[in-house]
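Worksheet: one structure, shown below.
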Amino acid sequence: MAHKLGMSGSTILSDEAKFDELFRTETDHIEIGEFASEHAFRQFLEKNLNEKSYGIHSPLYRSNSKYDLLEYVQMEPEQAWEQIEQEAEKLSRLGAEYMLVHFPYFKGEVGENGNAQIEAGLQRLSNLQKETNLPIVCEPKLGKGANPAGISHLYNFPIDAWEKYGLHLCMDIGDYLIAVGDGIDQHIQKWNEFIKVVHLHNVVNDTGHYIWNMIHPSQEHDPSYYKVEEIIKQLATGKDKIFVFEHTPHTQPDEQTVREGIQWVRELIVSTS
């Protein structure tokens, strides 16, 4: 396949009353999760009817586990594993292109057995991928209070160990820029052949919290934003990827801004690849 552009359910907070907003003519993929109910999930499937490829960002249902595969955050890890195993079995029957999970996620500093924890999780995810024939995409995440330790630790994880488990990666450029800043290019160089999904957004700081906002070419000249043009171009090299717009509605981007941002990314990807 060629590179794809996708829209995330985060742009509407997975509100079933707004599903139509995800079916844009400029994009050909949807990534969504945290449905309010089974009924809402079925509504999405009926609306899609193979119109676009779709991936599910675990958890499938709101209020379920998002971060617990390695350590307790909201529930015990074994409960979280049971949840994603059930989700994978379900999604493998329903045509999803992949299931994305937050992995690895560490709340704070990573202990001396961090590599062993990650590898044990990879082995379990790899087995689940084989059993269900559903591709699994791992998204490394910032920890509590935007702690960068988990993302930084993954950079030192042996690439040959990752490779033997046959799992894909998602790079969330917002998380990575917060975690490693200008060092993001080194992380892309290391992991590029495994990256299947890219989460696209810039970052707005609001009274100590950060908000994902729509990327736009004007931000390249605004010192209050991260510069993402070269990052997108670097990610557009190598294997084909799905570039997913993952801003949230909090900054209320207007339709023109969204269209211009999508077009800009499309042009960057085409010119690079």
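The values are calculated or read from the model by the stated rules, or taken from the named source; none is laboratory data. Quick caveat, the model's predicted, so the values are computed rather than measured. A quick note on method: Cβ atoms are made from the backbone with ideal geometry, for glycine too, and the neighbour counts reach across all protein chains shown. Remember, those area values only see protein heavy atoms, side chains included, never the ligands or the DNA or RNA. Shrake-Rupley method; radii C 1.70, N 1.55, O 1.52, S 1.80 Å.
Brief remarks follow.
- Based on alpha carbons, the Rg and Dmax found for the stretch 233-273 are 11.9, 34 Å.
- Label point distance in nm, E76-Q263, each placed 7 Å from Cα along Cα→Cβ: 5.5 nm
- Accessible surface, the chain, averaged per residue in Å² (probe 1.4 Å): 45 Å²
- Values (i) 46, 43, 39; (ii) 67, 34, 30; (iii) 60, 45, 36 are given for comparison; Cα extents along the principal axes in Å, derived from the coordinates here, is the one labelled (i).
- Our estimate of slack between Q123 and K239, defined as 0.36 nm per intervening residue step minus the Cα-Cα distance, is 39.4 nm.
- A Förster radius of 35 Å combined with the Cβ-Cβ distance from S63 to E26 puts the calculated FRET efficiency at roughly 0.65.
- Apportionment of accessible area to carbon and sulfur, the chain, percent (1.4 Å): 46 percent
- Mean Cβ neighbour count within 10 Å, used as a protection proxy, ranking 196-206, 250-260, 179-189 highest first: 196-206, 179-189, 250-260
- Length available on full extension from K227 to E109: 0.36 nm per residue minus the Cα-Cα distance, which gives 39.7 nm.
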